[in-house]
1. Placing unit charges on C-beta atoms (Lys and Arg positive, Asp and Glu negative, everything else neutral), compute the dipole magnitude of the chain about its Cα centre in debye, rounded to 20.
2. Mind telling me which of 193, 131, 224 comes out most flexible in a GNM of the chain, alpha-carbon contacts under 10 Å?
3. Could you give the length gained by full extension between residue 41 and residue 94, i.e. 0.36 nm per residue of separation minus their alpha carbon distance, to one decimal place?
4. Fewest Cβ neighbours within 10 Å first, please rank 227, 203 accordingly.
5. Among 28, 147, 194, whose Cα projects farthest towards the positive end of the dipole of the chain, with charges put on the beta-carbon of Lys, Arg (+1) and Asp, Glu (-1)?
6. Pulled fully out, how much extra length does the chain show between residue 161 and residue 64, if you take 0.36 nm times their separation in residues and subtract their Cα-Cα distance?
7. Grab the chain and count how many Lys pairs have their alpha-carbon atoms under 27 Å apart, sequence gap of 8 or more, or different chains.
8. Nearest 500 deg cm²/dmol is fine: what mean residue ellipticity at 222 nm does the chain get from its DSSP H runs of n ≥ 4 alone, each adding -39,500 (n - 2.57), divided by its residue count?
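Every number in this text was worked out from the coordinates using simple rules, so none of it is lab data. Keep in mind that this is a model prediction, so the values were computed, not measured. Using ideal geometry, Cβ is built from the backbone for each residue, glycine included, and neighbour counts are taken over all protein chains shown.
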Amino acid sequence: MSDLPRDWAALGARLDAWTPPQGVFEPAAAWTLKYARHALIPERDGAPGGGLAGALTVTQKPGADTVALRAVETVAAGFSAPTYAADMRCAADALLTPQSWTLGIRWLSGKQANLKPGELDQTRAGRVEGQEIVHKGARERRRPAPVRWTGFWNLFAALPRLPFEVSSALTFDLFEELDLHKPEQRLAYIGPQSVGLNGRTLVLHVFEQTGRGVLPWRWWLDAQHRVVLAAGGQRAYLLDTSANGGAA
């Protein structure tokens, strides 16, 4: 039985070629982080299961009063593979709250899916207007804006800004794909943890996220504050360290 923490052990042999990130990372600067998306589906005997299931790239460009974020995520989903490309203008607050955004969804489908090229493609947009969130797609929808909220992709940029202190905690509502509402989230620092990988010991810092509509997530950050692993439910995002420590 592996003595790795559960989130890491679930990746099994996929960690054999993984190396820790190197180099300087400044959370508030301009950067790009690339992740491999993995499915976490254990075998019946409890052995690690699943496999590579897509990729995520998050790019941050700070401005004078706002932060520009771009997230591109490809999901391997059977015979079809959707790619989400979100461009967000965010407030420079602790949650990097989106203020306006566009979201394009493109589908790459094999012949087995029996779909015409572009048949499922979508373009969405949104903005904050006063105390409301305005969604624009096939039609316009409005809903009250929570007091504190953010998108899932934003957490990859917001978490690195938090100090490694027991007082570090965020409460907020979460919107997956900038639309699917998951209320009453809490994300808190739970301390450092040692992880032994490939002959070396890493000391990583763990934040745990709990809330309505989600299974617990754990966010593993290195000493430079970059997210190296985010794991929750049946998926995980592992930093791609093949180039420049995952940062560009």
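1. 520
2. Per the Cα network of the chain with a 10 Å cutoff, 131 tops the list.
3. Numbers: separation 53, 0.36 × 53 = 19.08 nm, distance 3.30 nm.
Computed gain between residue 41 and residue 94 is 15.8 nm.
4. Numbers: 227 24, 203 10.
Sorted ascending by nearby Cβ count, the order is 203, 227.
5. 147
6. Length gained, residue 161 through residue 64: 33.2 nm.
7. 6
8. -500 deg cm²/dmol
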